[in-house]
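Each value in this text was obtained by applying a stated rule to the coordinates, not by laboratory testing. Just so it is clear, the structure is predicted and the values come from calculations on it, not from any experiment. As a convention, Cβ positions derive from the backbone with ideal geometry for all residues, glycine included, and neighbour counts pool all protein chains shown.
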Amino acid sequence: MDKNELLTKLAECVEFGKVNKAAPYPPTMKGQDGADELTKQALEIGIKPVDILNDALIFAMDKVGEKFTQKKIFVPQMLISAKAMNVAMEHLKPFFQSGEVKRKGKFIIGTVSGDLHDIGKNLVAMIVEGAGWEVIDLGVDVDAAKFIVAINENPDAVVGLSALLTTTMPNMQKIAAEIKSQFPDVKLVIGGAPVNDEFRDEIGADGYSPDPQSAVAYLNALVA
Amino acid sequence: MKTITQAIRSGNVMVSDGAWGTFLQQMGLQPGECTESWNLKHPDRVLKIAQSYIDAGSDMIETNSFGGNAFKLSMFGLEDKSFEINEAAARISRQVAGDNKHVLGSIGPTGKILMMGDVTYDQLYEAFKTQAMGLEAGGANALVVETMTDIEEATAAVKACRENTSSEVICTMTFDKSPDGSFFTMMGVSPADMVAAMLDAGATIIGANCGNGMENMIGVVKEIRAIDAEIPVLVHANAGAPVYKNGETVFLETPDEMAKFVKLLVNAGANIIGGCCGTTPDHIKKIAEIVKSLKK
């Protein structure tokens, strides 16, 4: 396979969630090499890691996010694509560590205090990572102090706040206020079932993302 | 007392209850506090909610046990108390329901995604089994597996209820409207998929709950009825989508606004109508009035 063919194949594996050769899913790709094997092969024939990242992985995850937004695919397909991407990323890790491949930036994310729901937050984290960002996931039930520690360690990061429960929206407001009072320049983006753009405006956050793909669009615009 | 299914077969439209979670918050439940722990800590307050729905005209009331599975309870270190907490939940509702109203033991999702491999089907089944048995021991005569989005998790819950209790088993899922007007859960399950899988698992009543208000529910019920004319259908709708105003979350659909969809829902084929997030005894009272007027 030549370079383009290989990258196209790898992108397909990520888009449709073919993790490795042994993986039974998707049935139409049974027995074929998956993201794991193809990434290895791509590096072996000398394709640059940055091209693997941009032309295959980010390219594919962008399609996945787009289809999810349009409700053409649902959470399971997105999770399996993210898994394929993560397997490919493992092979690229050394190049991130050496600095040969750079990420677009850092993104701190957490579900706000009082809220223990992580599915939506995890989906956003996966898609943002798949878009080429380094994700620092603080987990669930995260209070202002924990966000602030993370921001101190990563002052150039963008911060994402998630909530599922309507009852934890006041906590989101408090956390946003504390972060902004200490770090007025840090960009804050919010998401979750009960929040909307009006609420973003009310609490002084910078961005509102109704779905993972729009979080990516917001982040990418910051570094464009 | 007739079973719910028998009552529906003899032509009744029935009224269920409204929200519990939002009600508990008004009574002082804090964000991050374990809702179900109140069955043991503040049974008097939980009882008040149950009573208010009976007073509003509900034919059946739920229990304060939505997150009463061992997985959710483990976030509060209460995973070993699942049976006890569920039993207490059902006992409170039964105390108010007496002998001629139904008690629906509420069973919500675990928050775990099976396909991610962090939990097995058998583990889910065991957690639901404990919950179902606790609810029945406390006096529930039906179990409602609700707010489900994944077929496999719902199957585990319905089977755990069917195989370990003699209660009627209800399953409702939460659907969103796609841009093309069709309905899917966030895991990609359509109402038609749900009907087939849940009948197979042993549910005898199915339906939808939560979501973005009454109007969408009409579309969901139509999709169910298109493939199954017979199975009793339950709808627990939100009072619209939540809106945040002046530091407080409010649901904007008023009792009158919700009530105007009741007739349409019944015409579409719904047999049991109640509320989910944001609905109050006032909403239920209004729904009950309309349902009674339809009977004439």
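Taking the listed residues B:Gln95, B:Gln6, the one that is away from chain A (no Cβ under 14 Å) and within 29 Å of B:Lys263 (Cβ to Cβ) is B:Gln6, with no other qualifying. Just give me the residues in segment A:66-120 being within 12 Å of chain B (Cβ to nearest Cβ), closer than 18 Å to A:Ser209 by Cα and either within 12 Å of the chain's Cα centre (by Cα) or among the aromatic types (Phe, Trp, Tyr) (or both), in sequence order. A:Phe68, A:Phe74, A:Met78, A:Gly120, listed by residue number.
Does segment B:35-52 include one or more residues that are under 15 Å from B:His102 (Cβ atoms), touching a residue at least 12 places away in the same chain (Cβ under 8 Å) and of a type in the set (Ser, Thr, Tyr)?
In the first step, residues of segment B:35-52 are kept if they are under 15 Å from B:His102 (Cβ atoms); the result is B:50.
Next, only the ones that are touching a residue at least 12 places away in the same chain (Cβ under 8 Å) stay: B:50.
If we keep only those that are of a type in the set (Ser, Thr, Tyr) as well, we get none.
Checked segment B:35-52: no residue is under 15 Å from B:His102 (Cβ atoms), touching a residue at least 12 places away in the same chain (Cβ under 8 Å) and of a type in the set (Ser, Thr, Tyr).
Exactly one residue out of A:Ala60, A:Ala56, A:Ala35 is away from chain B (no Cβ under 14 Å) and touching a Cys at 6+ places or on another chain (Cβ under 6 Å): that is A:Ala35.
Within segment A:199-224, residues that are farther than 12 Å from A:Gly65 by Cβ sit with their Cβ atoms under 8 Å from residues that are of a type in the set (Ser, Thr, Tyr), at 6+ positions apart or across chains, in these pairs: A:Phe199/A:Tyr208; A:Phe199/B:Tyr244; A:Arg200/A:Tyr208; A:Glu202/B:Tyr244; A:Gly207/A:Tyr218; A:Tyr218/A:Ser209. Look through B:Ala132, B:Ala160, B:Ala154 and report the one residue that is in contact with a Phe, Trp or Tyr (Cβ under 6 Å, 6 or more places away or on another chain), buried (at least 20 other Cβ atoms within 10 Å of the Cβ) and farther than 19 Å from B:Gln51 by Cβ. Of B:Ala132, B:Ala160, B:Ala154, the one residue that is in contact with a Phe, Trp or Tyr (Cβ under 6 Å, 6 or more places away or on another chain), buried (at least 20 other Cβ atoms within 10 Å of the Cβ) and farther than 19 Å from B:Gln51 by Cβ is B:Ala160. When we screen B:Phe71, B:Phe83 for residues that are over 23 Å from B:Thr280 (Cβ atoms), within 12 Å of chain A (Cβ to nearest Cβ) and in a helix (DSSP H, G or I), the only hit is B:Phe71.
Matching residues to (1) within 15 Å of A:Val158 (Cβ to Cβ); (2) of a type in the set (Ser, Thr, Tyr); (3) within 14 Å of another protein chain (Cβ to nearest Cβ); (4) in contact with a Cys (Cβ under 7 Å, 6 or more places away or on another chain):
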position	(1), (2), (3), (4)
A:Ser181	no, yes, no, no
A:Pro184	yes, no, no, no
A:Gly192	no, no, yes, no
A:Val195	no, no, yes, no
A:Arg200	yes, no, yes, no
A:Gly207	yes, no, no, no
A:Pro210	no, no, yes, no
A:Ser214	yes, yes, no, no
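Restricting attention to segment B:1-32, the residues that are surrounded by 16 or more Cβ atoms within 10 Å (Cβ to Cβ) and part of a loop (DSSP other than H, G, I, E, B) add up to 10.
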